[in-house]
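One structure is given below, encoded as structure tokens.
No lab work stands behind these numbers, since they all come straight from the coordinates. Not measured: the values here are computed from a predicted model. Counting neighbours? That spans all protein chains shown, and the Cβs are built from the backbone with ideal geometry, glycine included.
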Ligand SMILES: [Cu+2]
């Protein structure tokens with residue numbers, strides 16, 4: 001994450017992104033997710049987790065990786081579901097036809 005805000009890299013269907021956006025909004029409302037940092041201590045307090053196999057959430061300056069093996073045809077999207085980011089265009093299609 002070379003930016004100045006927290007960003008997520010998430011591979012999922014558009015519907016899955018939509019429901020995850022609601023969870024991320026809740027994280028932000030509860031103070032677990034800040035614009036530029038993740039409050040891991042508060043995440044535990046609220047019994048929340050953000051460790052899905054299909055996504056990674058990174059603070060500015062952090063790096064990480066998601067390993068995904070495509071073994072079927074797929075119509076997916078990569079996206080960032082931090083509130084406001086998907087809507088501002090932080091998404092793109094992944095189409096795999098074998
Ligand atoms: Cu983002």
So how tilted is helix 14-29 from the main axis of the chain? Cα-based, degrees 0 to 90, rounded to 10.
-> 10
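Per the helix-only calculation at 222 nm, which mean residue ellipticity applies to the chain, given -39500 (n - 2.57) for every DSSP H run of n ≥ 4 and division by its residues, nearest 500 deg cm²/dmol? Spell out each step's value before the answer.
On the way: 2 runs with 22 residues, N = 98.
-7000 deg cm²/dmol, from helical runs alone.
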If each of residue 87 and residue 15 carries a label point 7 Å out from its Cα toward its Cβ, how far apart are those two points in nm?
-> 2.3
